[in-house]
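Student: Below is a structure I'd like to ask you about.
Since every read-out is calculated from the coordinates, none of them should be taken as a lab result. Not measured: the values here are computed from a predicted model. Note that we place each Cβ from the backbone using ideal geometry, even for glycine, and neighbour counts take in every protein chain shown.
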Amino acid sequence: MNYRMYTENTPRVSEIGLGAWQLGQASGWKSLSEKEAIEIVEKALDLGINFFDTAPNYGHGTGEERLGKALKGVDRSRIAISTKFGHTDSGTLDFSPGSIRTSLEGSLRRLQVDYVDSLLIHNPPSELLDGAQNDHYEILERLQEEGKIRAYGASLDTEAEMRLLMETTNARVVEAFFNILHQDIAGAFDRAKEKGVGIIVKIPLDSGWLSGKYHGNSTFDDIRSRWSGEDIQTRARLVGRVKDILQPKGNLAQQAIAFCLAYDAVSTVIPGNVSIAQLTSNVSSAEHPLSREAVKSLEEFYLREVAPLKLPW
């Protein structure tokens, strides 16, 4: 496992982290038992993973609870935990500044820790990312001074949102929606490096499309049912083009994760995992870096064929 810079107050983090959405009970994907969830975290530690991303709404709080149980007894100084605010453990949205502390205290209790390494505003409305117009950031600064969080930032989706946050606040972490089919946010990566902002890459497999297991006739009965028939056909065609560019020389999911790791602004990539086999495969991505030529071809493909489509996430 390789380790990269996250923030100045945290340990270097594993370039493959554990996205803990699937750890929670009935979280919108395949539901794991508590035993299975804890076993995945333990295996992640064995594989060298020391970065864990979670949120109160993952499994209505059970994601944080299970992660806390699995990490109990692990040297806290060697791991980094990031959680979020805004999507509550009851399944509602509450981005009001007055609820930040209450949300954090609930997360700390469920995780069984005294602090988190980062607290992120969880995909808020874009206007809340403007530090000059919102009270959230004074509260986050105060929590940082109190030692309850080491850094703060936001989980967001676009270059414009990322630039707004970085230029109007002291945020030092961004969780960015970035993958082969969604490269818009990479336009702000150089600025993040200049400002010392750590980047967590979320949804690196485009909700499973870049695993190669879906096709034009795929149907979904979970959160992915949001895609229309036309969306599915479009994505299937684009994934076919990605395969043509990469050629059938490797595991598509591993290549997709390796694409994200090709950017040195990225601190860690957090693919989801519903099994130990999937976790092990995801970690192996770091052993198969893409060539600079392949990365450039995928960037050109995005600009030419994908960006004009404005794909829904």
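Student: Looking at the chain, which longest stretch skips every one of the GluC sites (Glu not before Pro) that is in a DSSP loop with at most 16 other Cβ atoms within 10 Å, leaving the sites themselves out?
Tutor: On the way: sites that count: Glu8, Glu146.
For GluC sites (Glu not before Pro) (loop position, at most 16 other Cβ atoms within 10 Å), the longest site-free span of the chain is 147-313.
Student: Go ahead and estimate [θ] at 222 nm for the chain from helices alone: -39,500 (n - 2.57) per DSSP H run with n ≥ 4, summed, over the residue count, rounded to 500. Intermediate results must be reported in sequence, preceding the final value.
Tutor: On the way: 10 runs with 109 residues, N = 313.
So the calculated ellipticity at 222 nm is -10500 deg cm²/dmol.
Student: Restricting attention to region 215-263, which trypsin sites (Lys or Arg not before Pro) occupy a DSSP loop and are surrounded by at most 14 other Cβ atoms within 10 Å?
Tutor: Lys249
Student: Considering the options Gly63, Asn217, Leu156, tell which one lies farthest towards the positive end of the dipole of the chain, charges being +1 on Lys and Arg and -1 on Asp and Glu at the Cβ, about the Cα centre.
Tutor: Asn217
Student: Here's another thing I want to ask about it. Go through 215-223, 260-268, 78-86 and give me the packing order, highest mean Cβ count within 10 Å leading.
Tutor: Numbers: 215-223: 11.3, 260-268: 20.9, 78-86: 24.6.
Final packing ranking: 78-86, 260-268, 215-223.
Student: As an exercise, identify the trypsin sites (Lys or Arg not before Pro) in region 134-217 lying in DSSP coil whose Cβ has no more than 15 other Cβ atoms within 10 Å.
Tutor: Values: sites: Arg142, Lys148, Arg150, Arg163, Arg172, Arg191, Lys193, Lys195, Lys202, Lys213; in loops: Lys148, Arg150, Arg172, Lys213.
Those satisfying the criteria are Lys213.
Student: Given charges of +1 on the Cβ of Lys and Arg and -1 on the Cβ of Asp and Glu, with all other atoms neutral, how large is the dipole of the chain about its Cα centre, in debye to the nearest 20?
Tutor: Numbers: 35 positive and 43 negative charges, 149 e Å.
That gives a dipole near 720 debye.
Student: Turning to a different aspect of this structure: In what sequence, highest mean first, do 110-121, 89-100 appear when ranked by Cβ atoms within 10 angstrom? Could the numbers behind the result be given before it?
Tutor: On the way: 110-121: 21.6, 89-100: 14.3.
By packing density, highest mean first, the sequence is 110-121, 89-100.
Student: Follow-up question, since we're still on this one. Please give every one of the lysines within straight-line cross-link reach of Lys243, meaning a C-alpha to C-alpha distance under 22 Å, and leave out same-chain neighbours fewer than 8 residues apart.
Tutor: Correct list for Lys243: Lys202, Lys213, Lys296, Lys310.
Student: Using the crude model of +1 on Lys and Arg Cβ and -1 on Asp and Glu Cβ, and no other charge, please compute the dipole size for region 74-146 relative to its Cα centre, in debye to 20. Walk me through the intermediate numbers first.
Tutor: On the way: 7 positive and 13 negative charges, 76 e Å.
With only Lys, Arg, Asp and Glu charged at Cβ, the dipole is about 360 debye.
Student: With unit charges on the beta carbon (Lys/Arg positive, Asp/Glu negative), name the residue among Ile257, Thr83, Ser267 whose Cα is farthest towards the positive pole of the charge dipole of the chain.
Tutor: Ile257
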